[in-house]
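Below is one structure, written out as structure tokens, with a few remarks after it.
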Amino acid sequence: MSAKIISGKEIAQEIREELKKEVQELKEKHGVTPGLVTILVGENPASVSYVTAKQRTAHELGFYSVQDNQPEDISEEDLLKLIEKYNNDEAIHGILVQLPLPKHIDESKVLNAIDPDKDVDGFHPVNVGRMVIGERCFLPCTPHGILEMLVRSGVETSGAETVVVGRSNIVGKPIANLMLQKREGGNSTVTICHTGTKDLAYHTKRADILIVAAGRPKVVTADMVKEGVVVIDVGVNRIGKTPEGKAILCGDVDFETVKEKASAITPVPGGVGPMTITMLMKNTVQAAKQFAG
Ligand code: GUN
């Protein structure tokens, strides 16, 4: 069996079309244009390319978008002041500080400084807490994107054995939490594997839905999955460059072999990546709607 390819690119495009209409409506009925600021500290090449893609998408959807580049050596105090400025800016509904930050800056202090009502990344502890208890909040973009992909692809999550590989605050912990919640796209029995897991393959082989966010190339191979599994590959690993200097990417899953056993699988690139950016846009529209009342 060769798996159905779940195209994040196509699903993301579908959601972006929906968002364009919502943006139009917000402008016409409420005179509100969704505003997003992305703050980039330093020039980490991966971060530069992510932020550029976020800005491009915001622009395409008709947002008011601001790209705020700050030098690598900005002080923590100045960065906190900048966030305060955007917290008080009525034209800005969403604030995103691209991570990672330089070592001299306390990441959690910075994330905590963002107004929870403008925290479109969903990283503020207030939003994390609301998510865990199932209250309305901004969901973190990558887990939110995974959920949308599963639901829009018609994957049955209720009662499924869902195995998550990775326990980061950005992906592993929140997606595990969302998958167990009692609503559409959830109600799974969830296992979280991590670097302390003794026998990773024992767990991955039991998965009906396998979500891999390990941050290491091709850690899941065909012998580690069962026939018919649905695989969501969150990994983006740069494993080389083409002669033209373009990055060669691969996921955390050995796509070529695993797709022969899976019933559905996301590719890299073109899988989770486009969904993450789209959910950031969805959160920003949500923030603008809340602002509009
Ligand atoms: N760095 C890697 N992923 C993300 C993300 O989703 N949001 C932010 N702000 N930084 C990141």
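None of the figures in this text is laboratory data; all of them are computed from the coordinates on show. Since we're looking at a predicted model, the values are computed, not measured. Cβ placement follows ideal geometry from the backbone for every residue including glycine, while neighbour counts extend to all protein chains displayed.
When Pro102 is tested against (1) outside any helix (DSSP H, G or I); (2) farther than 20 Å from Thr276 by Cα; (3) away from the ligand (no atom under 16 Å from the Cβ), only condition (3) is not met. Residue count for the range 216-226 under the criterion of being farther than 15 Å from Lys261 by Cα and surrounded by fewer than 17 Cβ atoms within 10 Å (Cβ to Cβ): the result is 1. Taken together, Asp252, Asp233 contain a single residue that is buried (at least 16 other Cβ atoms within 10 Å of the Cβ), touching a Lys or Arg at 6+ places or on another chain (Cβ under 8 Å) and among the charged types (D, E, K, R), which is Asp252. State which residue is nearest to Gly228 (Cα to Cα) when the search covers only the range 136-179 and only residues that are out of contact with any helix residue (DSSP H, G or I) (no Cβ under 7 Å at 6 or more places or on another chain) and within 12 Å of the ligand (Cβ to nearest atom). Restricting to residues being out of contact with any helix residue (DSSP H, G or I) (no Cβ under 7 Å at 6 or more places or on another chain) and within 12 Å of the ligand (Cβ to nearest atom), the top hit is Ser168.
Could you identify the single residue in Glu72, Glu90, Glu77, Glu43 that is in a helix (DSSP H, G or I) and surrounded by fewer than 16 Cβ atoms within 10 Å (Cβ to Cβ)? Quick ask: steps written out before the conclusion?
Working: Glu72 fails: in a helix (DSSP H, G or I); Glu90 fails: in a helix (DSSP H, G or I); Glu43 fails: in a helix (DSSP H, G or I).
Answer to the selection: Glu77.
If the condition is being out of contact with any helix residue (DSSP H, G or I) (no Cβ under 8 Å at 6 or more places or on another chain) and aromatic (Phe, Trp, Tyr), then the range 51-70 contributes only Tyr64. For the range 95-115, the condition holds for at least one residue, the condition being that it is surrounded by 20 or more Cβ atoms within 10 Å (Cβ to Cβ), within 12 Å of Asn283 (Cβ to Cβ) and not charged (D, E, K, R).
For the range 240-268, what are the residues that are more than 21 Å from Asp223 (Cβ to Cβ) and more than 15 Å from the ligand (Cβ to nearest atom)?
Initially, the range 240-268 is screened for residues more than 21 Å from Asp223 (Cβ to Cβ), giving 240-249.
The answer is Gly240, Lys241, Thr242, Pro243, Glu244, Gly245, Lys246, Ala247, Ile248.
Please work out if Leu111 is in a helix (DSSP H, G or I), within 30 Å of Val164 (Cβ to Cβ) and in contact with a Gly (Cβ under 6 Å, 6 or more places away or on another chain).
Numbers: in a helix (DSSP H, G or I): yes; within 30 Å of Val164 (Cβ to Cβ): yes; in contact with a Gly (Cβ under 6 Å, 6 or more places away or on another chain): no.
No: the conditions fail for Leu111.
Among the conditions (1) exposed (fewer than 14 other Cβ atoms within 10 Å of the Cβ); (2) touching a helix residue (DSSP H, G or I) at 6+ places or on another chain (Cβ under 7 Å), Lys198 misses just one, which is (2). Checking each residue in the range 88-118 for being closer than 21 Å to His30 by Cβ and out of contact with any strand residue (DSSP E or B) (no Cβ under 7 Å at 6 or more places or on another chain) picks out Asn88, Asp89, Glu90, Asp115, Asp117. Selection of strands (runs of 3 or more DSSP E) fully inside the range 191-293 by the criterion of at least 1 residues being within 26 Å of Leu180 (Cβ to Cβ) and touching a residue at least 24 places away in the same chain (Cβ under 8 Å) returns 209-212, 230-233.
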